[in-house]
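The values are calculated or read from the model by the stated rules, or taken from the named source; none is laboratory data. On a predicted model such as this, the values are computed, not experimentally measured, just so you know. Because the Cβ atoms are built from the backbone with ideal geometry, glycine has one as well, and the counts that use them run over all protein chains shown. Ligands, DNA and RNA are excluded from the accessible area calculation, which covers all protein heavy atoms including side chains. Shrake-Rupley method; radii C 1.70, N 1.55, O 1.52, S 1.80 Å.
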Amino acid sequence: MTKPIDTAGSEPASTRESPWSPESWRSRIAAHQVRYHDPKEVEAAFTRLKSFPPLVTSWEIERLREQLAQAERGERFVLQGGDCAERVDDCNPRTITSRLKVLLQMSLVLVHGSKRPVVRIGRFAGQYAKPRSSPTETRTIAGKTVTLESYFGDLVNRDEFTPQARRPDPSRMVAGYQHAAMTLNFVRALVEGGFADLHHPEYWDLTWFDKVGVSSELRTEYERMTANLADGLKFMEALGERAVDELTRVEFFTSHEGLNLLYESAQTRTVPRRAGHYDLTAHMPWIGNRTRDLDGAHVEFFRGIRNPVGIKLGPACGGDELAALLGRLNPADEPGKIVLITRLGAGAVKARLGELVRAVGERHVLWVCDPMHGNTVTTASGIKTRAFDVIRDELESTFDEHERLGSRLGGMHIELTGEDVTECIGGGSGVTEESLSTHYASPCDPRLNYQQGLELAFLMARRLGRQANGPKR
Ligand code: PEP
Ligand code: CO
């Protein structure tokens with residue numbers, strides 16, 4: 001076996017204003033960068049990726065930026081959601097359709113509650129790369145201790161616990177890109193085709209309310225909202241086939257964590273008649289909580305692209321750090337450019353959000369809450385899970401705190417699936433700690449299932465409906 005090489009290089013940042021290029025990140029330290037074994041294989045994959053047509057266009061990216069600028073002003077609400085770790089095997093019609101269905105239904109519920117258009121951003125068509133807390137994983141197999149490289153997502157290796165599967169394979173970047181392209185092609189076709197079954201109220205499968213113990217007050221409210229929605233959809237349907245699409249503006253944008261900078265930079269280029277470089281693997285790539293080091297490779301890469309950029313902010317992020325990141329990533333303070341995705345943990349919102357909001361001051365940002373990643377727990381039997389009530393609690397307290405601080409929560413970022421999985425505990429779906437193993441399919445973090453996703457959307461729609469109107473930043 002050849003000695004692993006670190007594609008990220010090891011030189012720390014020396015000068016601030018050094019010239020940017022799609023590959024200038026290579027001279028910076030990259031946290032969580034993959035250690036591939038064969039540089040020739042890496043270059044071959046990189047060259048191939050560079051030659052492919054883009055997955056998204058600069059027009060779409062600019063449109064998303066406009067919509068995010070509107071969301072900053074409170075004119076739209078953002079729903080970002082999908083898998084924690086998307087698999088290439090998820091590139092099949094059933095999974096794509098059910099994921100799209102839950103996101104669409106949640107967005108319509110949110111449109112109804114917030115009386116505002118919703119920007120739908122999927123965590124799909126490229127959410128294949130994962131940061132891991134340890135580069136290796138150790139298991140005991142047949143009495144022997146075996147240590148292998150961790151599973152870094154389908155873009156890098158496979159999660160089967162064998163040396164072959166865990167070997168980082170650069171050709172998986174090419175395969176990942178091709179699967180992202182097929183996924184996006186089907187999403188575009190479904191959206192273009194109108195996703196017609198959404199027009200029919202019977203499609204709103206809410207029979208599960210009958211089976212579970214939600215309070216009568218909540219249930220009545222759900223029923224009223226569903227009836228209103230059904231009426232609204234019928235009315236729009238009566239106006240003509242295309243009306244629903246036009247009025248609800250069914251449009252999907254894609255996003256993923258821009259973790260593997262080889263994958264991102266191979267598809268970063270200039271386009272005719274526009275200034276600047278675009279990362280054309282997704283509309284909105286984001287910087288993960290573990291890779292937002294100011295002088296690191298990820299911030300270096302992201303500072304040069306025109307796309308809107310998400311930044312995940314955990315409880316350890318300080319106000320000065322955030323202000324420095326904004327200065328580096330959006331020096332001209334352009335609206336629609338920066339999406340701050342807080343994932344503080346339900347218990348830390350009150351203590352931590354204020355410092356972040358104050359650090360932003362009058363700058364343009366869109367605040368989004370990820371109530372998932374600060375609330376992951378491991379059960380006594382070693383299963384990773386999250387509790388529905390705690391997820392809801394982080395969202396509610398983030399709404400409260402923004403209201404108190406004079407800022408505005410403009411969106412939510414959720415790990416979910418359209419499938420009937422048992423990965424998160426609670427909500428009306430009644431998943432308990434004991435039933436977690438019934439259908440636990442995520443190779444990474446636990447996701448809300450279909451019912452839990454929809455229930456959360458109803459709860460947030462109710463909250464948005466009550467949200468004070470009026471100009472806020
Ligand atoms: C994720 O979104 O799956 C993730 C790893 O999040 P974070 O960077 O916030 O920990
Ligand atoms: Co995750």
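Miscellaneous remarks
- Remark: spin-label model distance Lys115-Ala189 equals 4.0 nm, labels positioned 7 Å along the Cα→Cβ axis.
- Spacing of the modelled spin labels on Thr97 and Gln164, each 7 Å from Cα toward Cβ, amounts to 3.4 nm.
- Two-site FRET efficiency, Ser21 against Arg466, from Cβ-Cβ distance with R₀ of 51 Å, rounded to 0.05: 0.60
- When both segment 98-168 and segment 363-377 are represented by their alpha-carbon centers, they are found 18 Å apart.
- Most positive-pole-ward Cα, Gly319, Gly193, Thr254, against dipole of the chain from beta carbon charges: Gly319
- For the pair Ala44 and Thr147, a Förster radius of 35 Å applied to the C-beta separation gives a FRET efficiency near 0.75, rounded to the nearest 0.05.
- Taking each DSSP H run with n ≥ 4 as -39500 (n - 2.57) and averaging over every residue of the chain yields -12000 deg cm²/dmol at 222 nm.
- By the Cβ-Cβ criterion of under 4.7 Å, the unpaired cysteines of the chain are Cys91, Cys317, Cys369, Cys424.
- Antiparallel DSSP beta bridges within segment 47-180, as percent of all bridges there, nearest 5: 50 percent
- Antiparallel %, DSSP beta bridges [both residues in the chain], to 5: 25 percent
- Rolling a 1.4 Å probe across the protein heavy atoms gives the chain an accessible surface of 40 Å² per residue.
- DSSP assigns beta bridges within segment 321-435; of those with both partners inside it, close to 25 percent run antiparallel.
- Electrostatic dipole magnitude of the chain [Cβ: Lys, Arg +1; Asp, Glu -1; Cα centre; debye, to 20]: 960 debye
- Over 24 Å apart at the Cα level, from the set Lys130/Lys350; Lys115/Lys350; Lys130/Lys384; Lys101/Lys337, are Lys130/Lys350; Lys115/Lys350; Lys101/Lys337.
- Shown is the FRET efficiency for Ala275 and Arg358, computed with R0 = 25 Å from the Cβ-Cβ distance and rounded to the nearest 0.05: 0.15.
- Carbon plus sulfur fraction of accessible area for the chain, probe 1.4 Å, in percent: 53 percent
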